[in-house]
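The values are calculated or read from the model by the stated rules, or taken from the named source; none is laboratory data. Quantities reported herein were computed from a predicted structural model and do not represent experimental measurements. Please note: Cβ atoms are built from the backbone with ideal geometry, for glycine as well, and neighbour counts cover all protein chains shown. Quick note on the areas: whole protein, heavy atoms, side chains included, nothing else; ligands and nucleic acids left out. Shrake-Rupley method; radii C 1.70, N 1.55, O 1.52, S 1.80 Å.
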Amino acid sequence: MKKIYLVMAAAIAVLPMAAQETYENAKILDQDLNGTARYVGMGGATDALGGEISSISSNPASIGLFRHNKVEGTAGMVSQQDAANYPEGDKTKLSFDQLGFVYSTRSGENSFINMGFNYHKSKNFNYILSADDQLHMASQNKNSYMKLYNGLLYNTDRDGNFNLDADYVTCNQLDDIFTRNLFYAYDNSTAYFYDATSYDFDRAHKGYIGAYDLNISGNINDRVYLGLTVGVEDVHYKHTSDYTEQIATPNNIGIQKLNVYDERRITGSGYNIKLGAIVRPIEYVPLLIGASVSTPTWYRLTTENYTEVSDGNNTVFTEDIYDYKVYTPWKFGLSLGFTDGKFFAIGAGLDYADYSSTDNRINDGGSYDFYDYYESSSSDKNMNRHTKETLKGVTTFKLGAEVKPIPELAIRAGYNHLSAMYDMDGFRDGTISSPGTYHASTTDYTNWKDTNRFTFGIGWRIEKNWNLDLSYQYSATNGEFTPFQNYEDATYIDWDNKTNIVDVTNKRHQILCSIGYTF
């Protein structure tokens, strides 16, 4: 009987009606602690204290506390601790993180109307993820075979004939490659899979999300502060990964290893609206209470990938590009601030967003009028059900303090805690009937736990108008990595396809420098 090696082939799909899946979308949902050096040095706890440009996106009313015009810019460096050497990734990277201004004008004896604009890098994707482990009677291609054997793939007969015009079922791009090129002999109806003894995995993430916020705010008698921010976000994400399995011997076609190389880009934009209020309830007591709400960010995104599988001698590849939408959840915030205005300030805040309510959406098409093209979309109910089971509500706790031993010098410290977005029992389900499954080109997933951020900072006032600020942030997150979905067969134990959880970490150091001018 003739068995087949991987053969040179290409499968190219350009499908406008598409959606993404839970773990890919989760990458763009949360935010880093980033902005001016003062904001980061105080752990982001300036929402009620106000007078801080970076709070324009977390509590728009904070801009209402400005009494002078100001322009400020920030740059820095991010470095990953304990990162593996992977030529596609950067352990340390310079970064331009913030640029903004506030224009303040008096509207009454004790009232002001302010306008502001701020750019900041809300997400820095720069990160190298590495994992390796042993495998026993398991492999990535066996995972695809199990789906084939149980009739979960698209219309496929036992001779290897495909109906690619059929409705989406649960076939991803790797299922397609393996089924076309690895499993079937052309001269009979027998299909094969190949166990592996171990795997090695490396992925380099790059890119950022840029947030552009335009604000109008003001105050009533210096007691009530109100603000509105309209935000636009710009997504630039790329990853490059290598996943290699050592194939058990002997096997039917004599291969020793399989390598999956994957490149994926996600680009696009979104917009949101934020409202905020700050109240000083007692006139002569410097206690400030803040509240804020943000609409979902309505993202329009495009993802494209190039993926190839090789046995060392022969290669098969696939390319894909498609458009989709993601609507993030509403976000709510409460904050407190206390300051004497000269010697010290302390702030605290609590934000909440229910990421399980993220709406993965399918583009249904659209129509033209005389002026523009209108595109409609609908919720991907099957993928949204998986998102609800996999992601959770997230709270962000912020605490920070600033002390001025002399008027020209400020010393700052802060703590920022982000609770886990992922249910630790969650998994990347490759059996969901969704276009999000069909367009997936990888099988791995990581359930990240809580994030703890510790910050310190120092600031100088130079002469009357200039300020120079420095800050340091240490961020640490632990996670559980799995290379592919586990499969258990209740009838035949040898058909189980299970792998171990591997502990991974994301520990980062960040240094920021801000220069500002007040006039």
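Quick notes on this structure:
- Residues of the range 257-283 that are at pLDDT below 95 and either within 19 Å of G89 (Cα to Cα) or not acidic (D, E) (or both): K257, L258, R280, P281, I282.
- Residues that are charged (D, E, K, R) and not in a strand (DSSP E or B), drawn from the range 322-361: D340, K342
- Which listed residue, of Y306, Y327, Y284, is within 30 Å of I411 (Cα to Cα), of a type in the set (S, T, Y) and surrounded by fewer than 21 Cβ atoms within 10 Å (Cβ to Cβ): Y284
- Residue that is farthest from V285 (Cα to Cα) [pool: residues in the range 206-226 that are surrounded by fewer than 20 Cβ atoms within 10 Å (Cβ to Cβ) and within 32 Å of the chain's Cα centre (by Cα)]: K206
- Yes/no for S292 being outside any loop (DSSP other than H, G, I, E, B), of a type outside the set (A, V, I, L, M) and closer than 19 Å to A61 by Cα: yes
- Count of residues meeting criterion [assigned to a loop (DSSP other than H, G, I, E, B), under 26 Å from the mean Cα position of the chain (by Cα) and farther than 17 Å from V224 by Cα] in the range 53-70: 2
- Being of a type in the set (S, T, N, Q) and open to solvent by 20 Å² or more (accessible area, probe 1.4 Å) holds for only one residue in S441, S419, and it is S419.
- Considering T36, T105, T92, T22, the condition of being open to solvent by less than 10 Å² (accessible area, probe 1.4 Å), of a type in the set (V, I, T) and farther than 23 Å from D354 by Cβ is satisfied by T36 alone.
- All conditions in (1) free of Cβ contacts under 8 Å to residues at least 60 places away in the same chain; (2) out of contact with any Phe, Trp or Tyr (no Cβ under 9 Å at 6 or more places or on another chain) hold for I411, with the sole exception of (2).
- Residues of the range 453-499 that turn out to be part of a loop (DSSP other than H, G, I, E, B) and surrounded by 14 or more Cβ atoms within 10 Å (Cβ to Cβ), as a count: 7
- Single unsatisfied condition, F66 versus (1) open to solvent by 70 Å² or more (accessible area, probe 1.4 Å); (2) in contact (Cβ under 8 Å) with a residue 40 or more places away in the chain; (3) aromatic (F, W, Y): (1)
- Among residues of the range 375-404, those that are within 30 Å of F343 (Cβ to Cβ) and within 17 Å of the chain's Cα centre (by Cα), counted: 1
- Residue in the range 437-450 that is of a type in the set (A, V, I, L, M, F, W, C), farther than 30 Å from V403 by Cα, at pLDDT below 95 and within 26 Å of the chain's Cα centre (by Cα) present: yes
- Among the residues of the range 40-52, those identified as among the hydrophobic types (A, V, I, L, M, F, W, C), open to solvent by less than 10 Å² (accessible area, probe 1.4 Å) and not in a helix (DSSP H, G or I) are M42, A45, A48.
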